[in-house]
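**Q** Provided herewith is a single structure, encoded as structure tokens, for subsequent inquiry.
Please treat every number below as a calculation from the coordinates, not as lab data. Being a predicted model, the structure only gives us computed values, none of them experimental. Neighbour counts are summed over all protein chains in view; Cβ atoms, including those assigned to glycine, are modelled from backbone coordinates with ideal geometry.
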Amino acid sequence: MSANRWIVSGAVALVAAIAVFFFLRADETEAADGQTPVSLPAGLERSELETVIREYILANPEIIPEAMERLQERRMVQMISSVRDELETPFEGAWAGAADADVTIVEFFDYACGFCRTSLPDIERLIAEDDNVRVVFRELPILSQESVDAARVSLSAARQREYFDFHKAMFDAGRPGDATIAEAQRSAGLNPAQVRRDVSDAAIETEIRNNRELAGRLELTGTPAFVVGDRILSGAVGYDRLREAVAEARASSGD
């Protein structure tokens with residue numbers, strides 16, 4: 001089930017909100033608003049517990065969206081944490097920016113995706129202005145067979161340590177096809193013989209398959225998608241939001 005369907009379901013949302021409300025306050029000495037947290041006497045009957053929960057929810061309905069937001073954030077952290085090492089480890093040279101960065105951005109993209117093309121200048125600007133950021137690129141060719149063809153050549157470029165040059169050239173060339181892929185390959189100065197070997201290499205096919213599996217585990221529904229710290233940003237979110245997410249990740253790592 002997708003994250004959106006999970007959130008939209010009213011019944012699930014209510015149960016989740018109740019659960020989060022009590023778990024979040026179980027180990028707190030004071031509620032965020034200064035009120036005394038709910039304390040349940042030992043041996044409380046189920047019917048009494050349901051009455052307490054119902055009365056509190058009715059009296060404080062604003063906790064439901066707050067609780068849902070916090071629950072969603074916790075789920076996101078758990079999903080990312082479970083795959084972080086794999087997620088942030090690039091395929092050979094499929095990365096750009098600082099080698100020893102304190103924040104890694106992971107971008108899932110498709111060369112046929114117009115919003116991915118729109119996001120490229122934001123990535124370039126961020127790398128240029130922040131010398132402590134690294135971007136790991138993950139091919140997620142979901143739009144066409146030509147997307148898959150471009151992704152294979154892209155991963156050959158990673159092996160040849162010409163990844164970012166090909167990446168930019170491919171988006172500059174236009175929608176992927178035989179002519180535009182060849183143009184980007186020439187522009188990046190790739191070795192044609194190595195490209196021919198690499199595009200049928202099982203390791204490259206495995207990388208594309210693994211990227212799809214990672215995207216599924218993170219419940220990504222399209223491209224571009226960015227993973228920054230403990231956050232997933234969907235769509236062409238723009239330079240300011242990416243920079244903000246980097247700052248949040250940096251602040252979180254310093255806690």
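**Q** With +1 on each Lys and Arg Cβ and -1 on each Asp and Glu Cβ, how big is the dipole of the range 124-180 about its Cα centre, in debye rounded to the nearest 20?
**A** On the way: 8 positive and 11 negative charges, 41 e Å.
Value, rounded to 20: 200 debye.
**Q** Only Cα pairs under 8 Å and at least 6 apart count here; give the relative contact order of the range 111-255 as a rounded whole percent. Walk me through the intermediate numbers first.
**A** Values: 144 pairs, mean separation 39.0, N = 145.
With pairs under 8 Å counted, the relative contact order is 27 percent.
**Q** Once label points are set 7 Å from the Cα along Cα→Cβ at both residue 88 and residue 51, what is their separation, rounded to one decimal in nm?
**A** 5.1 nm
**Q** Counting Lys +1, Arg +1, Asp -1, Glu -1, what net charge surrounds residue 241 among other residues with beta carbon under 11 Å of its beta carbon?
**A** Spelling it out: positives minus negatives among the neighbours equals -2.
**Q** So what's the net charge close to residue 144: Lys and Arg +1, Asp and Glu -1, counting the other residues with Cβ under 15 Å from its Cβ? Before the final figure, lay out each step's value.
**A** Details: positive: 117, 152, 175, 212; negative: 110, 139, 146, 149, 178.
Summing Lys and Arg as +1 and Asp and Glu as -1 gives -1.
**Q** Report the one residue of 158, 251, 206 whose Cα lies farthest in the direction of the positive end of the charge dipole of the range 97-255 (charges on C-beta: Lys and Arg +1, Asp and Glu -1; origin at the Cα centre).
**A** 206
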